[in-house]
Amino acid sequence: MVNSSFDPLQSLNQIKMSYKDFVGSFQKFKNPIIRDWVSTCIDNGTLLFKGPYIELTRLFADGKSLSSFVDSGVLHPETPYCFTQKPGDRNSDPVSLYKHQSDAITAITSGKNTIIATGTGSGKSFCFGIPVESTALELKEKGIRGIKAIFVYPMNTLANSQYDDFAERLSGSGLTIAIYTGDTQNSTSEALKVYREQTGREHPFDSELISREQIKEDPPDILITNYVILDYILTRAEDKVLFPPESTVLKYLVLDEIHTYTGKKGADAAFLIRRLKQHTKTIGSLRCIGTSATVQNTGAGKNSDILKFAAELFGEPFETDALITESVIEPKSTE
């Protein structure tokens, strides 16, 4: 008999039963006819559940190697040491890139505003993280300090996940990264206490700035945040030190899950981006990058809509060849 912890269908049934019990705990019917009808619909229909569905994904096509980008002068020589098979181990082999990742690196490093529209688990963070960190390394060599890139996530859970990976990869590189959300503590002592509770590590990586106190004292190379806090940064006097107008070095703005920026939220984000560019004097020069896992595999007609949406959101032009989609390995014919 297969252990339930390793049987996805059995685990799914357990989740369904638990959810059915939860709904039944507060949803009561006095009429027995209605009660029986609802129970039958739940057991035999799709009133509470759908599926399960099986999705078959094809293998992504291979792309160029990191070393080839370094050899051609596209990436800083230290970049591969940040993107290794084992995060944080600079002696480990560099990661192998998919074609859409290397295509994104080519587009971004050539100065194009870029949309990365590939599926979940396709490594979108590498698409922008690699060129961003390469630029940050180049500026570090020149002694240029300050925030070079802002990564904006729609949810703190996504921001925290990406922050942890980037922080570990940047350790030992001389670059710094910080996450600035409503959960970020003011004092370093309080932040260290929370950090130890959440990570189980005694000390942060040398790449991490964990408190608002540290972030303001010596702004990181990469700042991870959400659009609400970014709005506060541009509004609150004590936070404006992060982007001093006389010495702005901001090069990149990345918006994850751009399809969530619609309606009022989209209008707010669009105006926020324009205020950011005006404050940092980066209108026309800020490299804008958007990612989404829900607009991949679209036709040519819809592609223009995606690029038009991105242009309106960022207030910057997006060329047709700057839309990065998946390239997959086609299965061999059995004929």
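The values are calculated or read from the model by the stated rules, or taken from the named source; none is laboratory data. Everything numeric here is computed off the predicted structure, so don't read it as measured data. All Cβ positions, glycine included, derive from the backbone under ideal geometry; neighbour counts span all protein chains shown. Surface accessibility is based on the protein's heavy atoms, side chains included, excluding ligands, DNA and RNA. Shrake-Rupley method; radii C 1.70, N 1.55, O 1.52, S 1.80 Å.
The sum of -39500 (n - 2.57) across all DSSP H runs of n ≥ 4, divided by the residue count of the chain, sets its helix-only mean residue ellipticity at 222 nm to -13500 deg cm²/dmol. Using the Cβ-Cβ distance between residue 46 and residue 259 with R0 = 25 Å, the FRET efficiency computed as 1/(1 + (r/R0)^6) comes to roughly 0.45.
Computed over protein heavy atoms with a 1.4 Å probe, the carbon and sulfur contribution to the accessible area of the stretch 14-90 reaches 57%.
Under the combined filter of DSSP loop state and at most 16 neighbouring Cβ atoms within 10 Å, the stretch 186-291 retains these GluC sites (Glu not before Pro): 202.
Placing unit charges on each Cβ (+1 for Lys and Arg, -1 for Asp and Glu) gives the stretch 1-147 a dipole about its Cα centre, and among 19, 130, 32 the Cα reaching farthest toward its positive end belongs to 32. Measuring only protein heavy atoms, the 1.4 Å probe finds residue 227 accessible over about 60 Å².
Projecting the Cα positions of 162, 285, 309 onto the charge dipole of the chain (unit charges on Cβ atoms of Lys, Arg, Asp and Glu, taken about the Cα centre) puts 309 furthest along the positive direction. Surface exposure of the stretch 12-107, expressed per residue as accessible area with a 1.4 Å probe, stands at 70 Å².
If the segment from residue 57 to residue 157 were pulled out straight at 0.36 nm per residue, it would be longer than the present Cα-Cα gap by 33.5 nm. The Cβ shell under 12 Å around residue 329 holds other residues with a net charge of 0, Lys and Arg each +1, Asp and Glu each -1.
Looking at the stretch 180-335, the accessible area is 53 square angstrom per residue; that uses a 1.4 Å probe and ignores ligands, DNA and RNA. Pairs with C-alpha atoms separated by more than 30 Å, drawn from the list 20/124; 216/277; 112/240; 64/140; 124/308; 193/264, are 20/124; 193/264.
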